1. Quick check on my link table: of B:Lys38/B:Lys84; A:Lys154/B:Lys86; A:Lys73/B:Lys84; A:Lys154/B:Lys38, which ones sit more than 28 Å apart, alpha carbon to alpha carbon?
2. Name the residues of the range B:9-34, by number, that are at least 40 Å² less accessible with every protein chain in place than in the isolated chain; the surface is that of heavy atoms, probe 1.4 Å, without ligands or nucleic acids.
3. How far is helix B:81-103 tilted, in degrees, relative to the longest principal axis of the Cα atoms in chain B, given as a value from 0 to 90 rounded to the nearest 10?
4. Given axes a ≥ b ≥ c from the Cα gyration tensor, I'd like to know whether the range A:128-180 is rounded (a/c under 1.5), prolate (a/b larger than b/c) or oblate.
5. Give the Debye-formula value of log10 I(q)/I(0) at each listed q (0.18, 0.20, 0.23 Å⁻¹), with one equal scatterer per alpha carbon of the range B:4-108, two decimals each.
6. What average count of beta carbons from other chains do you get within 10 Å of the Cβ of residues in A:27-34?
7. B:Thr37 to B:Gln57: extension gain in nm, 0.36 nm per residue of separation minus the Cα-Cα distance?
8. For peptide B:46-57, compute the average count of partner chain beta-carbon atoms within 10 Å of each residue's beta-carbon.
Amino acid sequence: MRDWDELVRRQLLDLGLETDERNEVISEIAAHLEENYEELRRQGMTEEEAARHTLSQVEDWQKLSRLIQVARKKENGMTNRVRQFWLPSLLTFFLSMGLLMLIQLFGPKPWSVVIKNGWSLIANAAMIYLPWLFSLPLIGAMGAYLSNRAGGSKRAMFSSTVFPVVPYLALFLLALPVTAVVDARLGPHIMLLALFVNILAWVVAPAAALLTGGVLVQHLLSRRLEPGRIAGS
Amino acid sequence: MIGAGIKRGTAELAVLSVLEDGPLHGYELARRIEQQTKGALRFTLAALYPMLYRMEQRRWIRGAWETSDNGRRRRCYRLTPAGKKKLSPLRQEWSELFQALRRLKKVAHA
(Lines give C-alpha, C1' and ligand atoms only; values in the text may rest on other atoms or scores of the structure.)
Protein backbone atom coordinates (compact mmCIF):
# COMPACT_ATOMS: atom_id res chain seq x y z
CA MET A 1 0.00 0.00 0.00
CA ARG A 2 1.54 3.26 -1.11
CA ASP A 3 1.49 6.24 1.19
CA TRP A 4 0.53 8.92 -1.30
CA ASP A 5 0.08 11.49 1.41
CA GLU A 6 3.67 11.08 2.59
CA LEU A 7 4.94 11.08 -0.98
CA VAL A 8 3.21 14.36 -1.82
CA ARG A 9 4.26 15.87 1.53
CA ARG A 10 7.91 15.18 0.71
CA GLN A 11 7.56 16.54 -2.82
CA LEU A 12 5.86 19.73 -1.73
CA LEU A 13 8.27 20.51 1.10
CA ASP A 14 8.70 24.06 -0.11
CA LEU A 15 5.02 24.85 -0.38
CA GLY A 16 4.86 28.11 1.57
CA LEU A 17 1.31 28.03 2.93
CA GLU A 18 -0.14 27.99 6.44
CA THR A 19 0.01 24.52 8.01
CA ASP A 20 -3.73 23.78 7.72
CA GLU A 21 -3.94 25.01 4.17
CA ARG A 22 -0.80 23.10 3.26
CA ASN A 23 -2.16 19.86 4.72
CA GLU A 24 -5.36 20.38 2.81
CA VAL A 25 -3.53 20.76 -0.52
CA ILE A 26 -1.35 17.73 0.22
CA SER A 27 -4.38 15.58 1.08
CA GLU A 28 -6.23 16.68 -2.03
CA ILE A 29 -3.34 15.97 -4.39
CA ALA A 30 -2.58 12.67 -2.67
CA ALA A 31 -6.23 11.66 -3.09
CA HIS A 32 -6.05 12.51 -6.79
CA LEU A 33 -2.90 10.45 -7.28
CA GLU A 34 -4.35 7.54 -5.33
CA GLU A 35 -7.51 7.56 -7.38
CA ASN A 36 -5.51 7.71 -10.61
CA TYR A 37 -3.27 4.85 -9.46
CA GLU A 38 -6.21 2.64 -8.52
CA GLU A 39 -7.94 3.33 -11.82
CA LEU A 40 -4.80 2.25 -13.69
CA ARG A 41 -4.53 -0.88 -11.54
CA ARG A 42 -8.15 -1.71 -12.38
CA GLN A 43 -7.22 -1.35 -16.06
CA GLY A 44 -4.63 -4.07 -15.58
CA MET A 45 -1.36 -2.23 -15.08
CA THR A 46 1.20 -3.64 -12.68
CA GLU A 47 1.85 -1.73 -9.45
CA GLU A 48 5.12 -0.33 -10.81
CA GLU A 49 3.62 0.71 -14.14
CA ALA A 50 0.63 2.33 -12.47
CA ALA A 51 2.82 4.21 -9.99
CA ARG A 52 5.15 5.42 -12.73
CA HIS A 53 2.26 6.49 -14.92
CA THR A 54 0.55 8.28 -12.04
CA LEU A 55 3.68 10.16 -11.04
CA SER A 56 4.40 11.16 -14.63
CA GLN A 57 1.50 13.62 -14.34
CA VAL A 58 3.81 15.95 -12.48
CA GLU A 59 7.03 16.60 -14.39
CA ASP A 60 8.27 19.34 -12.07
CA TRP A 61 7.10 19.31 -8.45
CA GLN A 62 8.97 22.51 -7.72
CA LYS A 63 7.00 24.28 -10.43
CA LEU A 64 3.73 22.78 -9.20
CA SER A 65 4.52 23.96 -5.69
CA ARG A 66 5.16 27.48 -6.99
CA LEU A 67 1.98 27.53 -9.10
CA ILE A 68 -0.18 26.32 -6.21
CA GLN A 69 1.37 28.84 -3.89
CA VAL A 70 0.76 31.72 -6.28
CA ALA A 71 -2.80 30.51 -6.98
CA ARG A 72 -3.74 30.20 -3.31
CA LYS A 73 -2.13 33.39 -2.09
CA LYS A 74 -4.64 36.05 -1.22
CA GLU A 75 -2.11 38.84 -1.70
CA ASN A 76 -1.77 40.65 -4.98
CA GLY A 77 1.11 40.40 -7.45
CA MET A 78 2.98 43.24 -5.82
CA THR A 79 3.19 41.37 -2.52
CA ASN A 80 4.44 38.27 -4.28
CA ARG A 81 7.08 40.32 -6.00
CA VAL A 82 8.20 41.72 -2.65
CA ARG A 83 8.43 38.25 -1.12
CA GLN A 84 10.01 36.58 -4.12
CA PHE A 85 12.42 39.26 -5.26
CA TRP A 86 12.79 42.39 -3.12
CA LEU A 87 13.15 40.81 0.31
CA PRO A 88 15.80 38.24 -0.75
CA SER A 89 17.55 40.92 -2.82
CA LEU A 90 17.74 43.40 0.05
CA LEU A 91 18.86 40.68 2.42
CA THR A 92 21.74 39.64 0.15
CA PHE A 93 22.62 43.29 -0.41
CA PHE A 94 22.75 44.32 3.27
CA LEU A 95 24.49 41.11 4.33
CA SER A 96 27.18 41.42 1.69
CA MET A 97 27.71 45.14 2.36
CA GLY A 98 27.77 44.63 6.14
CA LEU A 99 30.26 41.83 5.81
CA LEU A 100 32.45 43.92 3.50
CA MET A 101 32.50 46.74 6.06
CA LEU A 102 33.46 44.36 8.85
CA ILE A 103 36.24 42.83 6.75
CA GLN A 104 37.51 46.30 5.80
CA LEU A 105 37.59 47.29 9.50
CA PHE A 106 38.84 44.12 11.15
CA GLY A 107 39.92 41.72 8.40
CA PRO A 108 43.26 41.10 6.71
CA LYS A 109 44.73 43.61 4.27
CA PRO A 110 43.17 43.48 0.81
CA TRP A 111 44.99 42.23 -2.23
CA SER A 112 45.91 45.21 -4.42
CA VAL A 113 45.82 45.03 -8.18
CA VAL A 114 48.48 47.30 -9.63
CA ILE A 115 48.45 48.31 -13.26
CA LYS A 116 51.32 49.87 -15.20
CA ASN A 117 51.48 51.92 -18.30
CA GLY A 118 54.99 51.43 -19.63
CA TRP A 119 57.46 52.90 -17.10
CA SER A 120 55.74 56.19 -16.62
CA LEU A 121 52.59 55.42 -14.59
CA ILE A 122 51.78 52.93 -11.88
CA ALA A 123 48.33 52.90 -10.32
CA ASN A 124 46.69 50.98 -7.56
CA ALA A 125 43.66 49.97 -9.59
CA ALA A 126 41.56 47.80 -7.28
CA MET A 127 41.46 46.34 -3.80
CA ILE A 128 40.24 42.78 -3.63
CA TYR A 129 38.92 41.48 -0.33
CA LEU A 130 39.37 37.74 -0.68
CA PRO A 131 37.56 36.74 2.58
CA TRP A 132 34.55 38.73 1.35
CA LEU A 133 34.60 37.04 -2.05
CA PHE A 134 34.81 33.62 -0.42
CA SER A 135 31.80 34.38 1.80
CA LEU A 136 29.59 35.53 -1.07
CA PRO A 137 28.46 32.05 -2.23
CA LEU A 138 26.83 31.56 1.18
CA ILE A 139 25.01 34.89 0.92
CA GLY A 140 23.94 34.11 -2.67
CA ALA A 141 22.65 30.73 -1.51
CA MET A 142 20.56 32.39 1.22
CA GLY A 143 19.01 34.80 -1.28
CA ALA A 144 18.19 32.00 -3.71
CA TYR A 145 16.70 29.85 -0.95
CA LEU A 146 14.46 32.63 0.36
CA SER A 147 13.25 33.51 -3.11
CA ASN A 148 12.52 29.87 -3.87
CA ARG A 149 10.72 29.41 -0.57
CA ALA A 150 8.45 32.36 -1.39
CA GLY A 151 7.57 30.65 -4.68
CA GLY A 152 9.93 32.73 -6.84
CA SER A 153 10.77 31.63 -10.37
CA LYS A 154 14.34 30.80 -11.42
CA ARG A 155 14.62 34.32 -12.79
CA ALA A 156 13.59 35.86 -9.45
CA MET A 157 15.99 33.53 -7.64
CA PHE A 158 19.03 34.44 -9.70
CA SER A 159 18.14 38.14 -9.84
CA SER A 160 17.96 38.36 -6.06
CA THR A 161 21.19 36.35 -5.82
CA VAL A 162 23.25 38.82 -7.86
CA PHE A 163 21.44 41.93 -6.61
CA PRO A 164 24.37 43.15 -4.39
CA VAL A 165 26.55 43.83 -7.45
CA VAL A 166 23.89 45.88 -9.26
CA PRO A 167 24.79 49.20 -7.54
CA TYR A 168 28.47 48.68 -8.42
CA LEU A 169 27.60 47.89 -11.99
CA ALA A 170 25.44 51.02 -12.24
CA LEU A 171 28.22 53.12 -10.71
CA PHE A 172 30.87 51.83 -13.10
CA LEU A 173 28.60 52.21 -16.12
CA LEU A 174 27.96 55.81 -15.13
CA ALA A 175 31.70 56.38 -14.66
CA LEU A 176 32.58 54.80 -17.99
CA PRO A 177 31.88 57.77 -20.32
CA VAL A 178 33.51 60.25 -17.91
CA THR A 179 36.58 58.04 -17.58
CA ALA A 180 36.77 57.60 -21.34
CA VAL A 181 36.72 61.39 -21.88
CA VAL A 182 39.30 62.09 -19.17
CA ASP A 183 41.51 59.28 -20.41
CA ALA A 184 41.36 60.53 -23.98
CA ARG A 185 42.51 63.98 -22.83
CA LEU A 186 45.27 62.74 -20.53
CA GLY A 187 46.64 60.25 -22.99
CA PRO A 188 48.13 57.26 -21.17
CA HIS A 189 44.74 55.39 -21.03
CA ILE A 190 45.44 54.10 -17.55
CA MET A 191 42.10 55.21 -16.08
CA LEU A 192 40.00 53.21 -18.51
CA LEU A 193 42.12 50.16 -17.79
CA ALA A 194 41.67 50.75 -14.04
CA LEU A 195 37.92 50.99 -14.53
CA PHE A 196 37.78 47.63 -16.27
CA VAL A 197 39.92 46.07 -13.54
CA ASN A 198 37.43 47.46 -11.00
CA ILE A 199 34.48 46.05 -12.94
CA LEU A 200 36.18 42.65 -12.82
CA ALA A 201 36.96 42.97 -9.11
CA TRP A 202 33.65 44.48 -7.89
CA VAL A 203 31.09 43.19 -10.38
CA VAL A 204 32.20 40.10 -12.30
CA ALA A 205 34.01 38.24 -9.50
CA PRO A 206 31.36 38.93 -6.77
CA ALA A 207 28.54 38.10 -9.19
CA ALA A 208 30.23 34.79 -10.03
CA ALA A 209 30.71 34.05 -6.32
CA LEU A 210 27.08 34.89 -5.48
CA LEU A 211 25.79 32.86 -8.42
CA THR A 212 27.85 29.85 -7.34
CA GLY A 213 25.80 29.75 -4.14
CA GLY A 214 22.53 30.44 -5.99
CA VAL A 215 23.13 27.73 -8.60
CA LEU A 216 24.09 25.24 -5.90
CA VAL A 217 20.85 25.87 -3.99
CA GLN A 218 18.80 25.64 -7.17
CA HIS A 219 20.52 22.38 -8.05
CA LEU A 220 19.97 20.91 -4.58
CA LEU A 221 16.31 21.92 -4.51
CA SER A 222 15.61 20.52 -7.95
CA ARG A 223 17.43 17.27 -7.07
CA ARG A 224 15.39 16.91 -3.90
CA LEU A 225 12.20 17.31 -5.88
CA GLU A 226 12.98 14.97 -8.80
CA PRO A 227 10.10 12.50 -9.18
CA GLY A 228 12.42 9.58 -9.84
CA ARG A 229 14.09 9.97 -6.47
CA ILE A 230 10.97 9.02 -4.58
CA ALA A 231 9.08 6.98 -7.13
CA GLY A 232 9.95 3.75 -5.41
CA SER A 233 8.75 4.83 -2.00
CA MET B 1 -5.02 18.11 -31.08
CA ILE B 2 -5.73 21.51 -29.57
CA GLY B 3 -2.72 23.76 -28.86
CA ALA B 4 -1.66 24.83 -25.36
CA GLY B 5 -2.64 28.49 -25.72
CA ILE B 6 -6.22 27.77 -26.77
CA LYS B 7 -6.53 25.08 -24.12
CA ARG B 8 -5.57 27.51 -21.38
CA GLY B 9 -8.30 29.89 -22.44
CA THR B 10 -10.97 27.22 -22.68
CA ALA B 11 -10.02 25.38 -19.49
CA GLU B 12 -11.91 27.67 -17.14
CA LEU B 13 -14.99 27.54 -19.34
CA ALA B 14 -14.77 23.74 -19.37
CA VAL B 15 -14.51 23.52 -15.58
CA LEU B 16 -17.41 25.91 -15.01
CA SER B 17 -19.57 24.13 -17.60
CA VAL B 18 -18.98 20.68 -16.11
CA LEU B 19 -19.58 21.90 -12.56
CA GLU B 20 -22.88 23.36 -13.69
CA ASP B 21 -24.22 19.79 -13.69
CA GLY B 22 -23.26 19.26 -10.05
CA PRO B 23 -20.33 19.13 -7.60
CA LEU B 24 -17.29 17.02 -8.45
CA HIS B 25 -13.87 16.36 -6.94
CA GLY B 26 -10.71 17.18 -8.90
CA TYR B 27 -10.00 13.74 -10.34
CA GLU B 28 -13.59 13.16 -11.43
CA LEU B 29 -13.79 16.67 -12.85
CA ALA B 30 -10.72 16.09 -15.03
CA ARG B 31 -12.07 12.71 -16.16
CA ARG B 32 -15.47 14.14 -17.00
CA ILE B 33 -13.94 16.90 -19.14
CA GLU B 34 -11.71 14.42 -20.93
CA GLN B 35 -14.66 12.11 -21.66
CA GLN B 36 -17.01 14.85 -22.79
CA THR B 37 -14.41 16.43 -25.10
CA LYS B 38 -13.35 12.97 -26.38
CA GLY B 39 -9.83 13.51 -25.12
CA ALA B 40 -9.29 16.90 -26.75
CA LEU B 41 -9.09 18.61 -23.36
CA ARG B 42 -7.00 16.63 -20.95
CA PHE B 43 -5.84 17.96 -17.59
CA THR B 44 -2.84 16.66 -15.75
CA LEU B 45 -2.75 17.11 -12.00
CA ALA B 46 -0.11 19.83 -12.40
CA ALA B 47 -2.40 21.86 -14.64
CA LEU B 48 -5.66 21.18 -12.86
CA TYR B 49 -5.11 22.16 -9.24
CA PRO B 50 -3.42 25.56 -9.70
CA MET B 51 -6.36 26.44 -11.97
CA LEU B 52 -8.98 25.20 -9.49
CA TYR B 53 -7.33 27.13 -6.65
CA ARG B 54 -7.18 30.27 -8.79
CA MET B 55 -10.87 29.92 -9.64
CA GLU B 56 -11.61 29.37 -5.97
CA GLN B 57 -9.77 32.58 -5.08
CA ARG B 58 -11.93 34.40 -7.60
CA ARG B 59 -14.95 32.81 -5.87
CA TRP B 60 -16.24 31.19 -9.05
CA ILE B 61 -16.14 27.77 -7.40
CA ARG B 62 -16.05 26.57 -3.79
CA GLY B 63 -14.30 23.46 -2.53
CA ALA B 64 -15.45 21.51 0.53
CA TRP B 65 -14.39 18.19 2.01
CA GLU B 66 -16.97 15.46 1.68
CA THR B 67 -16.94 11.79 2.57
CA SER B 68 -18.04 9.42 -0.15
CA ASP B 69 -20.03 6.20 0.27
CA ASN B 70 -16.84 4.14 0.50
CA GLY B 71 -15.59 6.34 3.36
CA ARG B 72 -13.07 8.32 1.33
CA ARG B 73 -12.64 12.02 1.92
CA ARG B 74 -12.57 14.08 -1.24
CA ARG B 75 -12.60 17.81 -1.78
CA CYS B 76 -15.60 18.53 -3.97
CA TYR B 77 -15.99 21.66 -6.01
CA ARG B 78 -19.27 23.31 -6.73
CA LEU B 79 -20.23 26.33 -8.75
CA THR B 80 -20.91 29.50 -6.72
CA PRO B 81 -23.46 32.16 -7.71
CA ALA B 82 -20.51 34.26 -8.94
CA GLY B 83 -19.33 31.32 -11.05
CA LYS B 84 -22.78 30.86 -12.55
CA LYS B 85 -22.82 34.53 -13.38
CA LYS B 86 -19.38 34.27 -15.01
CA LEU B 87 -20.32 31.24 -17.10
CA SER B 88 -22.82 32.99 -19.30
CA PRO B 89 -20.59 35.86 -20.59
CA LEU B 90 -17.69 33.43 -20.89
CA ARG B 91 -19.76 31.17 -23.15
CA GLN B 92 -20.83 34.21 -25.12
CA GLU B 93 -17.21 35.36 -25.59
CA TRP B 94 -16.07 31.96 -26.85
CA SER B 95 -19.10 31.57 -29.06
CA GLU B 96 -18.39 34.95 -30.65
CA LEU B 97 -14.76 34.01 -31.13
CA PHE B 98 -15.64 30.73 -32.87
CA GLN B 99 -18.20 32.46 -35.07
CA ALA B 100 -15.63 35.09 -36.01
CA LEU B 101 -13.10 32.41 -36.85
CA ARG B 102 -15.63 30.53 -38.95
CA ARG B 103 -16.22 33.70 -40.96
CA LEU B 104 -12.58 33.67 -41.98
CA LYS B 105 -12.47 31.60 -45.15
CA LYS B 106 -9.07 30.08 -44.51
CA VAL B 107 -9.97 29.05 -40.98
CA ALA B 108 -13.33 27.63 -42.03
CA HIS B 109 -11.61 25.37 -44.55
CA ALA B 110 -8.85 24.35 -42.16
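1. On the way: B:Lys38/B:Lys84 25 Å; A:Lys154/B:Lys86 34 Å; A:Lys73/B:Lys84 23 Å; A:Lys154/B:Lys38 36 Å.
Correct reply: A:Lys154/B:Lys86; A:Lys154/B:Lys38.
2. The answer is B:Tyr27.
3. Tilt relative to chain B: about 20 degrees.
4. On the way: a/c = 5.09, a/b = 1.64, b/c = 3.10.
In terms of gyration-tensor shape, oblate.
5. -0.90, -1.07, -1.33
6. Working: counts 4, 12, 6, 0, 8, 11, 2, 2.
Mean inter-chain Cβ contacts per residue within 10 Å come to 6.
7. Values: separation 20, 0.36 × 20 = 7.20 nm, distance 2.61 nm.
Going from the current span to full extension adds 4.6 nm.
8. Numbers: counts 10, 4, 3, 10, 10, 2, 3, 9, 5, 1, 2, 4.
Going residue by residue through B:46-57 and averaging, the value is 5.
The values are calculated or read from the model by the stated rules, or taken from the named source; none is laboratory data. Note that this is a predicted model, so its numbers are computed, not measured. No Cβ is skipped: glycine too gets one built from the backbone with ideal geometry, and neighbour counts run over all protein chains shown. Remember, those area values only see protein heavy atoms, side chains included, never the ligands or the DNA or RNA. Shrake-Rupley method; radii C 1.70, N 1.55, O 1.52, S 1.80 Å.
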